Each structure stands twice: as C-alpha cells, then as structure tokens.
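Have a look at the structure below before the remarks.
The values are calculated or read from the model by the stated rules, or taken from the named source; none is laboratory data. Remember, predicted model here, so these are calculated numbers, not experimental data. Every residue, glycine as well, gets a Cβ built from its backbone with ideal geometry; the counts of neighbours run over all protein chains shown.
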C-alpha cells in the first residue's frame, strides 16, 4: 500500500513537472494542478496511512487517523482553488490582451537598469 | 520627561504638519515648532540629573531573544548632541517658516524635518547599538527626502541619491562592524560594550570591526575619500543644509566616534586611520572651499574641512584631543549654522549665491553683514570669538601629535589647513559684503524680516559670549568630555583661556591668519592657477562606479532572468532535487519501523486508474477539453483515496473543489484555443521528461521511506485527539482543529481566499474596461453554439435539485462539529447549487435575482468569524477561545451549541462568497453585447405564449 501511495505521488509530481515545463498557459495550469494534488497527498500521507479509522471520536474505538495533516490539507485544498483561479485569470487576461498564450516572454526582460544616469 | 517620550515626540509629531498644511503656513510651522519645543523642554528636564553626573536610562524590551531592546541612555555626550539637535532644530524651524516660498509644500517639509529630528535624537540617545543602527538608517532615509525636497530640481534628486548611496553603503558596513563588536563584547548594549575596552582591543576581530564602523562614520561625516556627497547635497533648501549638513547629521559620524572612543580609540590603528583621514579632509576641504564661487558650496567644503578637524582631534586618542573636539563641535555648530542661515538670507534676498555676482552688501544688508561677519571671523579663528579658542586647542594638540614618525607633519598640515580656512573666511567677508555697492544684483538686496535673521543672530550671541567668556562653556564641555572618556582617561585640568602666553599654538595661529590675509590678496592669481590645475572630479568618479556596478548587475541578472518561465521552473526543480539528493547521500537513514500494509485488488485498481489518467493527461494534453476530463478523473481518484485512507472531510472537500475547479477551467477554456500546438523540439521534450522523472523519483523515494518509518517525535495530534471533545466540544477532530485549535490559521485562510476572489474580480474589471472589451464583444465563438442555450430539462432539474442541495449543505454545515462536514464543505456544496442556476438559466437571469453581492458575502463571513473571535475578549479570554453548551428545545433531542459554530458560519459565508465571486467574474467575460439577454429562465417554456418576435433568430446567434 505504501508503495502504491508513494508511487502515485511520484507519478503525479512527474506529470505535474512535465506539464509545468510546457510553453502555453493552459498545460502549465494543468501541471500546477497536478502538483497541487501531489503536494496535498504528500502532506496528508505525513500522518501515515490509516485504513478504516476516521478521526471521529467514538466511545468504543481506540485507534484514530491523524487529524492534524487532514485539517492542514483541507484548507490547502480550498486555498489551492483560490490560487488556481487567480492564475487562470492572469493567464486568461494575458491571452485576451495579446492573443498569445505563451508563458515565456519572447522579448526577454525589460532592462530597468538602463535609465540610471539621470 | 522620559527619554522614550523625547524620542517618540518628533516621530508622532511628524503626523501633524501634514494635517495642518491646509490650516496655513503659520499653523503648520507653529505646530512643528511646538512639537520640537516640547521635546526640547523634555530634554531640559533631565538636565539636573545629567549635571549631577548620573546617566538617565529608559528601557522597553523589544526582541529580547535577538538582544534587541529599546534601551535609551542619556549622559553628558548624549545630552550635548540632543541639545544641539533640538535647539538648533527650533531655530531652523522658525527660519524655514520664512524661507520656504508659497509654492513649497510646507507640511511635507516639516514632516520630513521632524522625522529626521526624531531619528537623530534616537541615534544620540540609543543605548542599544542595534537600535542605534535602526535610527542611523532612518537619518539616511529622512535626509534623502529632505535633500530631494525640491523634486523638480535635477541637482536635488541627484544629490539626494548620491547622499543616500554613500551614507547608506557606509551604514551597511557599520551594521557589520556593530555586529562584530556586539559579538566580541557579548552584548549589544553600549553601557556594557563601553566597559570592555581591553577585551575588545585584544580581539583579533578588532581591526575589521574598527574599519567597518569607521566606514560608517566617515561616510556620514563626509570624511575623505567620501567627502564628495556633502557639497552635492547642498542642492537642498538652505534650512536643510544648515540643519543636516552643518549642525547635526554630518556630526552623527563624529558622535559615534566620540561614543565609541573608550573602546575603540587609543590603538595605533585608530590613531593612524582616524588622524590621517581627518587631516587630509581638513586640508583638502579648506583648499577647495577657497576656490568655490557658490556661497553654499564654500560653506559645504568648509564644513567638510571642520569635520576633518574634529575627526583628527578624536583620532589623536588623547583626553585633551577629545576635549578640544567636543568644544569645537559646539563652536562649529553655532557659527556654521549662523553662516548657512546668512547664506540663505543672501540667496533669498539677492536671488543669487554666486560670490562673483555679489559684493558691497555691507551697506544694503547691515544686519546680515554683522551676523555673517562675526560668524566668519569666529570660523577664521580671530580672538574674542569662540572659534579662536577651539582652534588654539586644535593647534596645540596638533603640535603634540606625531604621525608616521614625522614630528613636523601634523603641525605643518594643521597650520596649512588653518591658513586656507582663514583665507576663505576672509574671502566670504571681503567678496560678499565689502567692496563697492553694485548695480547688477538679480534682485535688490535688503535685510529680511526678523523671523529670518533672529535665529542666526541668537547663535552669534553665543559665538561672542563663549569667545569673550570661555569659562561659561568650560564646565559643560568638561562634563561632555568626561562622558566621552568614559573613565578610560582623566578629563584634562587645562582651563579655557583666551591668552595662554607665547605658546607654539599662538605662532601657528598668527601664521594662519596672516597667511590667510595674504592669500586673499593673491586670490586672483591663485584662482587662475587652481583653474589651470588638473584635478579629479569626484562626481564623475562616483558616477563611473555606479555605472560599473549597474553594468555588473545587469551582466549577472539578465542572462539568468531572461523572461523564460519554463527555464526558471526547470532550474528550480533541478536545484531542489539536487539539494534533496545531496541530503540523501550525506545523511543516514534509519531502519524501517513500520511494516507495509497489504494492498487489495480494489486499491490496485484505483491506483491503476489514477496512473492511467495522469499518463493520459501527459500524453494527450494538447487536446485541452480531453485534458480537462482526465484531470477531473485524477481529482476524483484522489478524493476516493482520501475516503479510503480515513479522511472523509478531505474527500468531501476535494470532491466539491474538483467540481468548481472544472467549471472554472471550462469557463476559461471558452476563450482559450482548444488545442495546444506542437512547438517544442523532441530534444526539449526529452529534457523536460528527464527533469520530470527526476522530480517524480525524488518525491517517490522521500514518501516511500517516510511512510515506512514512525515520526521522530510524537506528533501533537495526540493532544488534539485527547482534547477535542473535552475542550472543543466536538467529536470531529478535523473540524475542531479548523475552527478551534487552529482557528486563527483558518481565519487567515478565509481572508486569503477572499482576497484571491477580490483579485479575480479586480482583474476582470480591468480587462473589461480596457481594449480587451471590444475584442470580447466582437468575438466569434470557435465552436458552434447550442440551439437552446438554456435547455428546459436542465432548468427544471436544477430548480428541483436546488432545495435538496441547500438542505444537504445545511445538514453538512450543522453536523460538521461532530461528523464529517463543516463550513468549508458546506460552503462549496451551496456554491455548486448556485452555480447550477447560472449554468441552467444564464448569467443575467441569475444575477437579476441575486439579492446580496458576493463581495458583501465574503466580507460578512470574515466579519462574522472575526467578531466571534473578538467575542471571547469580553469574557477575558484570548482571541478565538471557544465555548459550548448543550441545549434541548422540545421536541428536538439535546444538541450542542458552540461559539465555534458561529466561526464556522463565517468560514461558510467566506467560502461561498469567494467561490461565487471568482466564477461570476469569469462568466462576466462571456457576456456579449449583441446577444439579447433573456429575461426568462429557459429558452422554450411550454407555459409561455410566444408572440412572433421581429428578430426571431437572434437568440440562436452563431448556430
């Protein structure tokens, strides 16, 4: 089981990184989403894997799943939605403004240092 | 008055002039003057204690773990400088009120001035050297603002920048030096450091610390080779020049050398570095000053020269030198501030500061003439004026000092410098005031109103009083000297006298004055010689250095930062993996402590689906709609994984978030191209795959190894499990952590979520107002539109489902404290219910029925959560302490009421508002002008009688 979870995280990460290195905004956003899954599952797994024991207190149960990573990951999932939405909006705005959805700036950086003399 | 108040007053007072600006110039200056006066009086209330030889202390702990506390100390030296800063500050404020013209923003000026005053008082009263550094940097910043006060003048801006670069870099060096010093002494408190002379001077790091601290002092006090910024800073308004660049800020470096005298002075290194720098500065400044035609430039270089003189006196390392230095600081502050103010008066009245265009002002401005002449004669070292006394002491000390084993060197150079010093003083009097009255002044000069000449006149009274009766100043100067020496040396017995007999210093003085007169007589030939002589221009050198630094950083940054996001991402990934690999190969790995759990066929099937979805996504990502479906499958499998591994809350959250994320991406895809074209080369794709596989293997290895090992320490989860029911009143530990144990985190998170949603809204608004709007309105969809945009089946279905979904949301919310659920999940569920209405019946129909704007929903959520947290203050508990009780309302069963529920309500509202505002913003982009907005929930409604419309086809646009 541990092997499955660890390899799943590894595969999610690899897929995420590969897509993140693409040249257009949409696959990059998908890649970041995949990485988000990987990170969330990774954090969740830091409570170690527990099958069939939820962190809901019961009188007749002694073993529970680790609640802390779950709480952390819960907010992380919701926040990551907000962040994905912002990134998508920025990508969309850039595309609508320039009809171009490349992530790399073909012109290179603006040389702000050139005007230092005056 | 407490020292804390004295330091805080100017800072808080700095708020007032800006507010009072509208009330008029007099009110603005008046309030500034009052603030300064209050601090001045506050300082004077401490005078009896200081005179008694005691040290006043004030202390507030700030960051005790860092050794940084807000400790202030007032002894003789601190008092002396604070007196100069606040006293001359008062005169400057009165003077500036008349100096600034109606076009100048007075509130801004006085705000900067008070900020500077506060920072300066802070420097001289700090006991903690880290605190001193903070104030030190503040003086650099506020002086930058003051020098560049006339933003329209390029000289002002350049001068301000140069001053900031030079003093700022010096300040950086000094931070390093102070940190070393603090490490050596084991404390950052001056009072401790000053006791540890032997320890500090024996340390091998003494020399680096000394050089670094001196760099800070020399840049601030314009010592050679950093003297060049001061004349350029003279582009500032004259009150600033008089205040910062003669009386106070440039003395900060001197103050620090005096302050550190007991620990740093006396070593051969100190003597060589400080005396040499001072001597060179003194001679160089005096010579350049003589040949400057701008009155303020002349005074600026003369200030450089006098600062050099004081530095040299401190450098000799003797008690007598320190005393002479202190005395000269007092005298210089009086006559030089008076001279600067006189220069300002001349500039103000004659509209020029060029000495070549002046002359004969004696008859036209008799009052100014009197003030300036007395001050200048004092500077030249003429008896019966205070400058004479300290100059005699300086010459005496120079006579006793041997540098580089050449006994004649220091006396000869000191006399040479004094000669030029006397010459420029005589030139100032002779070429500006004496001579015939001219008829070509830019403006008709006359004496200004008393508001402008009274402040310098007051200073000149001091000049004469001390000059005639030196015994008046003697006890005070000796008190200050005692605190400089700090018990490392005895205050000299010598009395301040006008006549010492026929001592060498007198001969040197006579040579200087006579030579000065001779120099003035030979001024024109000397000027021709000076103009013909080649000499390096400091400003050109400085700018070349700045340009070289800029070129270097450009060469370093631009190749790395070339605008390619993919490149940064690849570099970042490789760097992280490499760091992890290094840790892996160098660290030790403990044996596995957990045995692997068996995996059933269902688990393997789930894993296979996830892997297949990811693989498919990577292979087929160019078809964007397909990619979206595949990533939906990935999200779904992750949710199922959460269920399987005992995290029902996570599963519900992931599932609902997945729904809204997919809707969001679909909305975005509506505008984006449907396919990603093939652009990268095979080689590049292989490279990316290599990076990706490395990253994936690294996370796999890391996860696999820690899943098989127990935590190194017992996790704090045990505490949460044990206290959730007793302390938080809930049996769903995850929810109790969110709303109770870590409620503050959650509070921050809903705020972040709200900000993200507002950001999306703001970006949409910006897009819709810009040129994108026209493009959006004229956009032709690349896919055929459906015949019925708002199909009846979907409308009916979502209407029926809506109450059910709301009920589910309510149920999930309500039970969240004890069963899986809570505000986050309920918020997402309710959002989905609302989104369904948008999807079914269209944007305009839904928003027309929207009663509360989503911004308000976010705000009310954050407010509810915040007020719940604040509520606990009223019962004397910290923020967000929760309480709960059990109630029973017949006919229901007993149930629990917790304040955490109110907090969860805030979370719920914030989530609903944020999700809806984001999605709504996206869909706003899709509205088009030529699409008539339907006022009906669906396109075809059997119950509606449709009259044949004039443009029946318009709804089917694009079909």
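May I ask you to list the residues in the range B:10-24 that are more than 21 Å from the chain's Cα centre (by Cα) and surrounded by 17 or more Cβ atoms within 10 Å (Cβ to Cβ)? Selection gives B:16, B:17, B:20, B:21.
Looking at the structure I just gave you, is residue B:632 in contact with a helix residue (DSSP H, G or I) (Cβ under 7 Å, 6 or more places away or on another chain) and surrounded by fewer than 21 Cβ atoms within 10 Å (Cβ to Cβ)? Taking the combined requirement at face value, the residue satisfies it. Within the option set A:18, A:37, A:64, being surrounded by fewer than 24 Cβ atoms within 10 Å (Cβ to Cβ), without any contact (Cβ under 8 Å) to a residue 60 or more places away in the chain and at the interface with chain B (Cβ under 7 Å from one of its Cβ atoms) holds for one residue only, A:64. Kindly indicate whether residue B:567 is more than 27 Å from residue A:4 (Cα to Cα), surrounded by 12 or more Cβ atoms within 10 Å (Cβ to Cβ) and free of Cβ contacts under 8 Å to residues at least 12 places away in the same chain. So residue B:567 fits the description; yes.
Confirm whether residue B:414 is under 43 Å from the mean Cα position of the chain (by Cα), surrounded by 19 or more Cβ atoms within 10 Å (Cβ to Cβ) and modelled with pLDDT under 80. No: the conditions fail for residue B:414.
In the range B:687-707, the count of residues that are without any contact (Cβ under 8 Å) to a residue 40 or more places away in the chain and within 30 Å of residue B:882 (Cα to Cα) is zero. Being surrounded by fewer than 16 Cβ atoms within 10 Å (Cβ to Cβ), touching a residue at least 60 places away in the same chain (Cβ under 8 Å), closer than 30 Å to residue A:104 by Cα and more than 9 Å from chain A (Cβ to nearest Cβ) is a condition met by no residue of the range B:593-600. Just one of the listed residues (A:43, A:12) is surrounded by 21 or more Cβ atoms within 10 Å (Cβ to Cβ), in contact with a helix residue (DSSP H, G or I) (Cβ under 6 Å, 6 or more places away or on another chain) and either part of a helix (DSSP H, G or I) or modelled with pLDDT under 95 (or both), namely A:12.
When residue B:191 is tested against the conditions (1) at pLDDT 85 or above; (2) touching a strand residue (DSSP E or B) at 6+ places or on another chain (Cβ under 8 Å), the lone failure is (1). Residues that are touching a residue at least 24 places away in the same chain (Cβ under 8 Å) and within 33 Å of the chain's Cα centre (by Cα) within the range B:868-884 comprise B:869, B:879, B:880, listed in sequence order. Being surrounded by 18 or more Cβ atoms within 10 Å (Cβ to Cβ) and part of a helix (DSSP H, G or I) holds for only one residue in B:49, B:32, and it is B:32.
Filtering the range A:48-61 to residues that are part of a loop (DSSP other than H, G, I, E, B) and either facing chain B (nearest Cβ under 7 Å) or within 19 Å of residue B:635 (Cα to Cα) (or both) leaves A:48, A:49, A:50, A:51, A:52, A:53, A:54, A:55, A:57. Among the residues here, residue B:311 does not qualify as under 21 Å from residue B:77 (Cβ atoms) and surrounded by fewer than 24 Cβ atoms within 10 Å (Cβ to Cβ).
So that you can scan it fast, the table gives a plain yes or no per residue for (1) free of Cβ contacts under 8 Å to residues at least 12 places away in the same chain; (2) crowded, with 23+ Cβ neighbours inside 10 Å; (3) farther than 22 Å from residue B:223 by Cα:
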| residue | (1), (2), (3) |
| --- | --- |
| B:127 | no, yes, yes |
| B:131 | no, yes, yes |
| B:136 | no, yes, no |
| B:143 | no, yes, no |
| B:153 | no, no, yes |
| B:156 | no, no, no |
| B:161 | no, no, no |
| B:167 | no, yes, no |
| B:170 | no, yes, no |
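Close Cβ contacts (under 6 Å, 6 or more residues apart or on different chains) running from residues in the range B:5-28 that are without any contact (Cβ under 8 Å) to a residue 24 or more places away in the chain to residues that are surrounded by fewer than 16 Cβ atoms within 10 Å (Cβ to Cβ) are absent.
For the residues B:669, B:664, the requirement of being more than 7 Å from every other protein chain (Cβ to nearest Cβ), under 26 Å from residue A:78 (Cα atoms), within 43 Å of the chain's Cα centre (by Cα) and touching a residue at least 12 places away in the same chain (Cβ under 8 Å) singles out B:669. Considering each residue of the range B:613-625 in turn, at least one proves to be in contact with a strand residue (DSSP E or B) (Cβ under 7 Å, 6 or more places away or on another chain), surrounded by fewer than 19 Cβ atoms within 10 Å (Cβ to Cβ), more than 10 Å from every other protein chain (Cβ to nearest Cβ) and touching a residue at least 12 places away in the same chain (Cβ under 8 Å).
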